[in-house]
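Engineer: Below are the structure tokens for one structure; questions will follow.
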Amino acid sequence: MDPSLVPDPALQVALDLMGVATFAVSGGLMAVRKGFDVVGILVLAFLTSLGGGLVRDLVIGEVPPAAFADTSYLLVPIAAAAVVFVAHGPLSRLRRGALLFDAIGLGLFAVSGTLKALEFGLGPLQASFMGSLTAVGGGLLRDVVARETPVLLRADATMYSVPTFVGAGVVAVTVTSDLYSSAIGIGVVVGVVAWRLAALRFGWHAPTALRLRRRTS
Amino acid sequence: MDPSLVPDPALQVALDLMGVATFAVSGGLMAVRKGFDVVGILVLAFLTSLGGGLVRDLVIGEVPPAAFADTSYLLVPIAAAAVVFVAHGPLSRLRRGALLFDAIGLGLFAVSGTLKALEFGLGPLQASFMGSLTAVGGGLLRDVVARETPVLLRADATMYSVPTFVGAGVVAVTVTSDLYSSAIGIGVVVGVVAWRLAALRFGWHAPTALRLRRRTS
Amino acid sequence: MDPSLVPDPALQVALDLMGVATFAVSGGLMAVRKGFDVVGILVLAFLTSLGGGLVRDLVIGEVPPAAFADTSYLLVPIAAAAVVFVAHGPLSRLRRGALLFDAIGLGLFAVSGTLKALEFGLGPLQASFMGSLTAVGGGLLRDVVARETPVLLRADATMYSVPTFVGAGVVAVTVTSDLYSSAIGIGVVVGVVAWRLAALRFGWHAPTALRLRRRTS
């Protein structure tokens, strides 16, 4: 995949930094809910917002990773953590707010991560996985470090990674068939966020290995 | 270490992909046991089967790692997860089945991981560690993400990493002294699996810091 | 940043290996406290002492990482684990001993990690983060794998990462303004250790998002 195939590098960086900001808020809000101190807020903001992209950059061979090459990637989560620290709002809205910011981050990173992986020469299937990993990796690290059952795995959780992977796949397929445009990128972000929020609102689930679950209960 | 010192690269890839398949089944079965949905089965299958090799490839400098360069490495765990999803069998056999697949994966990855680390120029001690890390790393990630006490650490668990490290050491020493052959590689796989299954069957343990444990109990 | 700006490479390696030794003891002591076997002692000693530096080396692009290039980095934690295994001392001193070794490791890695990141061309802010990550990353991995709430995050814990980050920042600023000397490096190690031990002794805390915490309690 040629870098020139990605039509708007500025948009890609903008999507990426917006994803960093929303995931940083999501991580910071979890730290507040768990009663962690200012360091915990910063650490979870960094892990959630930069963890997925860091793994992506190590895998595709961008060294040093964007998180340590461009100062914006450190300043954005610091600012987000500061906002969370002073203005985390009433307790009752925290869970909902974290879920909203998380959904937006999922959509943004699914697009920016897939585009970046394609630029570095990964195939479309690999790039879809890498975009999904960028999107869900930070949240997975956040949950593991904060000792929560990863939202990615919970059978009682609504769909989380399915919209992400489908969105990443749309980006990969349209880029490799020369149909991609910035409008499609923005459309995928909106689609992933809408799908995720609808799944939360209406309680959509991914299927489980049903026969087994019936026997155990 | 020269690549030509490893006599059968095709066998090495075959061992590696067989290890991916067995660890993917092992990870998928844990997801079923814990009641995770289809995404959880896929995520644990990927983490368990590709996590150790991914860390190995990042450390030895193969970029992108095999898991994202060769499509087989993504398709094998997808197929394994599908098999687990539809045919995970009666509940009572799950724990035993997961342990058997885990043991086979340990043996396969101990050999393939050590050979690959030697190819990339690591010394024999380093390559033995890297082969062991390939073998136990995926299971460690699986246990951490699924919030199980890592089988690697449990004092009440039977020997898990000792056979792996000894097997990796045999490979490293025979390769560096020009005695390695495919027969030795296959022999090490069989030896590690047999040792691990015997440890499970007869309850062999690794020693603990005994005096301390007595005082605490 | 030019490598020649770091005035004493031998001191840097010495600080790094001393950090490896102290963190390996800290990790091994946690394994003993949790009743893990000899493999668990080794695994936690390796993770705690080499984990932070391994992530740093992958991010800055040193491949293979020091932990797998220089045999000392494997032999030191093996020796430390052996010392812990035979001489972990009376149970009552374990928690205090682990905290002391942890504090010394924090100071040593804050300096050596920051210096190494500067050598590989990271900016001063990035290098301060990387030095802090080197220092706290291994302990974070240790806590996650041993299923402890990370000391890095606990609101009831005394200050842990603040002295580390300030120390790393002093190193980064003095190196980039050509004021750095070995005496400053050693002074920062002593300062970080003293600050951390004083925080433990006098119960200093980092601030939490206070209004929220009051409502939840």
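The values are calculated or read from the model by the stated rules, or taken from the named source; none is laboratory data. All figures in this text were calculated on a predicted structure; none of them were measured in a lab. Note that we place each Cβ from the backbone using ideal geometry, even for glycine, and neighbour counts take in every protein chain shown.
The rows are residues; the columns are (1) more than 23 Å from residue B:159 (Cβ to Cβ); (2) part of a helix (DSSP H, G or I); (3) touching a strand residue (DSSP E or B) at 6+ places or on another chain (Cβ under 6 Å).
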| site | (1), (2), (3) |
| --- | --- |
| C:43 | no, yes, no |
| C:46 | no, yes, no |
| C:63 | yes, no, no |
| C:68 | yes, yes, no |
| C:73 | yes, yes, no |
| C:76 | yes, yes, no |
| C:99 | yes, yes, no |
| C:104 | yes, yes, no |
| C:116 | yes, yes, no |
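Engineer: Name the residues in the stretch C:48-61 that are surrounded by 24 or more Cβ atoms within 10 Å (Cβ to Cβ) and either outside any helix (DSSP H, G or I) or of a type in the set (Ser, Thr, Tyr) (or both), would you?
Structural biologist: C:48, C:49
Engineer: Moving to a separate point now. Against the condition modelled with pLDDT under 95, of a type in the set (A, V, I, L, M) and closer than 20 Å to residue C:140 by Cβ, how does residue A:81 come out, does it pass?
Structural biologist: The answer is yes for residue A:81.
Engineer: Moving to a separate point now. Quick one: residue B:149 ticks every box in (1) modelled with pLDDT of 90 or more; (2) touching a helix residue (DSSP H, G or I) at 6+ places or on another chain (Cβ under 9 Å) except a single one, so which number is it?
Structural biologist: Only one criterion in (1) modelled with pLDDT of 90 or more; (2) touching a helix residue (DSSP H, G or I) at 6+ places or on another chain (Cβ under 9 Å) is unmet by residue B:149, namely (1).
Engineer: Of all the residues that make up the stretch C:41-77, how many are touching a helix residue (DSSP H, G or I) at 6+ places or on another chain (Cβ under 9 Å), without any contact (Cβ under 8 Å) to a residue 60 or more places away in the chain and of a type outside the set (Asp, Glu)?
Structural biologist: 20
Engineer: May I pose another question? Of all residues in the stretch B:142-157, which are more than 10 Å from chain C (Cβ to nearest Cβ) and either within 22 Å of residue B:189 (Cβ to Cβ) or in contact with a strand residue (DSSP E or B) (Cβ under 9 Å, 6 or more places away or on another chain) (or both)?
Structural biologist: B:142, B:151
Engineer: Starting from the stretch C:16-40, keep only residues that are within 14 Å of residue C:51 (Cβ to Cβ), then list their pairs with residues that are surrounded by 21 or more Cβ atoms within 10 Å (Cβ to Cβ) and basic (Lys, Arg) whose Cβ atoms are within a distance under 8 Å, requiring at least 6 positions of separation or different chains.
Structural biologist: C:16/C:116; C:26/C:142; C:27/C:142; C:30/C:142
Engineer: Further, regarding this structure: Answer yes or no as to whether residue A:206 is at pLDDT below 95, over 28 Å from residue B:72 (Cβ atoms) and buried (at least 17 other Cβ atoms within 10 Å of the Cβ).
Structural biologist: Judged against the criteria, residue A:206 is not a match.
Engineer: Is it the case that residue A:95 is at pLDDT below 90 and within 18 Å of the chain's Cα centre (by Cα)?
Structural biologist: yes
Engineer: Please determine whether any residue of the stretch C:170-191 is under 29 Å from residue A:63 (Cα atoms), among the charged types (D, E, K, R) and either buried (at least 23 other Cβ atoms within 10 Å of the Cβ) or out of contact with any Phe, Trp or Tyr (no Cβ under 8 Å at 6 or more places or on another chain) (or both).
Structural biologist: Yes, there is a match, as at least one residue in the stretch C:170-191 is under 29 Å from residue A:63 (Cα atoms), among the charged types (D, E, K, R) and either buried (at least 23 other Cβ atoms within 10 Å of the Cβ) or out of contact with any Phe, Trp or Tyr (no Cβ under 8 Å at 6 or more places or on another chain) (or both).
Engineer: When you scan the stretch C:1-9, do you find a residue that is in contact with an Asp or Glu (Cβ under 8 Å, 6 or more places away or on another chain), modelled with pLDDT under 90 and polar (S, T, N, Q), even just one?
Structural biologist: no
Engineer: Could I ask something else about it? All but one of (1) in contact with a Ser or Thr (Cβ under 8 Å, 6 or more places away or on another chain); (2) modelled with pLDDT of 90 or more; (3) facing chain B (nearest Cβ under 10 Å); (4) surrounded by fewer than 24 Cβ atoms within 10 Å (Cβ to Cβ) hold for residue A:121; state the number of the condition that does not hold.
Structural biologist: Only one criterion in (1) in contact with a Ser or Thr (Cβ under 8 Å, 6 or more places away or on another chain); (2) modelled with pLDDT of 90 or more; (3) facing chain B (nearest Cβ under 10 Å); (4) surrounded by fewer than 24 Cβ atoms within 10 Å (Cβ to Cβ) is unmet by residue A:121, namely (1).
Engineer: Among the residues of the stretch C:164-185, what is the count of those that are within 19 Å of the chain's Cα centre (by Cα) and without any contact (Cβ under 8 Å) to a residue 60 or more places away in the chain?
Structural biologist: Residues in the stretch C:164-185 being within 19 Å of the chain's Cα centre (by Cα) and without any contact (Cβ under 8 Å) to a residue 60 or more places away in the chain: 8 in total.
Engineer: Name the residue that is nearest to the other protein chains (Cβ to nearest Cβ), counting only residues in the stretch C:46-86 that are under 16 Å from the mean Cα position of the chain (by Cα) and of a type in the set (Val, Ile, Thr).
Structural biologist: So the residue we want is C:55.
Engineer: Right, here's the next one. Provide a single number: the residues in the stretch B:29-40 that are facing chain A (nearest Cβ under 7 Å) and in a helix (DSSP H, G or I).
Structural biologist: The number of residues fulfilling the criteria is 4.
Engineer: Are any of the residues in the stretch A:9-28 within 14 Å of chain C (Cβ to nearest Cβ) and not in a helix (DSSP H, G or I)?
Structural biologist: No - not one qualifying residue is present in the stretch A:9-28.
Engineer: Same structure again: Do we find a residue being out of contact with any helix residue (DSSP H, G or I) (no Cβ under 7 Å at 6 or more places or on another chain), surrounded by 19 or more Cβ atoms within 10 Å (Cβ to Cβ) and modelled with pLDDT of 90 or more anywhere in the stretch B:105-115?
Structural biologist: Within the stretch B:105-115, none of the residues are out of contact with any helix residue (DSSP H, G or I) (no Cβ under 7 Å at 6 or more places or on another chain), surrounded by 19 or more Cβ atoms within 10 Å (Cβ to Cβ) and modelled with pLDDT of 90 or more.
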